[in-house]
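Notes to accompany the following structure.
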Amino acid sequence: MLKTADSLQLAGSRKPEIRSFKDLIVWQKSMDLSIEIYRLTKKFPQAEQFGLVSQMRRCVVSIPSNIAEGKRRSTRKDFLQFLRIADGSASELETQLILASKLFSLQDTHKSYQLLEEVQRMLGGMLKRLSLQTVSSKLPTSNLYD
């Protein structure tokens, strides 16, 4: 299911209008994830400031940035492409979190992993739903046997 504000409605109520990327729950959660990764990487050794810390921070910022840019694009195809990039960045971050956990014996990564998993599920759902909508919009509407 698409995890956006437009899918979180009460029974019988109207869907809230998505006017901006800021209305997307996945963007909001990815911003929370960004803040959490910045908090976590402050605890890394100084020697990693230009290595893993920098890489993880660039990677996590890429997630909400690509969601925002894709939402502002004029076509569903463009939005899908930017969501795929955001999803790829989320996978990169997951790899970096695993590596950092092994290198630095990090104890407080639970919240980071939890937020990352939630963002990845939301992105996966959006990609699936938008891809299906794109495919179904390209199908012929007339019956070939008429």
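The values are calculated or read from the model by the stated rules, or taken from the named source; none is laboratory data. Predicted model only: the values in this text are computed from it and were never measured. Every residue, glycine among them, receives a Cβ derived from its backbone with ideal geometry; neighbour counts consider all protein chains shown.
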Within the range 68-114, considering residues that are at pLDDT 95 or above and among the hydroxyl-bearing types (Ser, Thr, Tyr), the one farthest from the chain's Cα centre (by Cα): THR95
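Is it the case that the range 99-114 has a residue that's in a helix (DSSP H, G or I) and in contact with an Asp or Glu (Cβ under 6 Å, 6 or more places away or on another chain)?
First, pick out the residues of the range 99-114 that are in a helix (DSSP H, G or I): 99-104, 110-114.
Next, only the ones that are in contact with an Asp or Glu (Cβ under 6 Å, 6 or more places away or on another chain) stay: 111-112.
Yes, there is a match, as at least one residue in the range 99-114 is in a helix (DSSP H, G or I) and in contact with an Asp or Glu (Cβ under 6 Å, 6 or more places away or on another chain).
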Test: residue in the range 32-53 that is under 12 Å from the mean Cα position of the chain (by Cα) and free of Cβ contacts under 8 Å to residues at least 40 places away in the same chain: yes
Could you give me the residue pairs with C-beta distances under 9 Å whose first residue belongs to the range 10-27 and is acidic (Asp, Glu), whose second residue is outside any helix (DSSP H, G or I) and at pLDDT 65 or above wherever it lies, and which are 6+ apart or on separate chains? ASP23/PRO16; ASP23/GLU17
Among residues of the range 30-50 being of a type in the set (D, E, K, R) and part of a helix (DSSP H, G or I), the residue surrounded by the fewest Cβ atoms within 10 Å (Cβ to Cβ) is ARG39
Assuming ILE37 fulfils every condition listed in (1) in contact with a Leu (Cβ under 8 Å, 6 or more places away or on another chain); (2) closer than 30 Å to SER105 by Cα; (3) at pLDDT below 95 apart from one, which condition is it? (3)
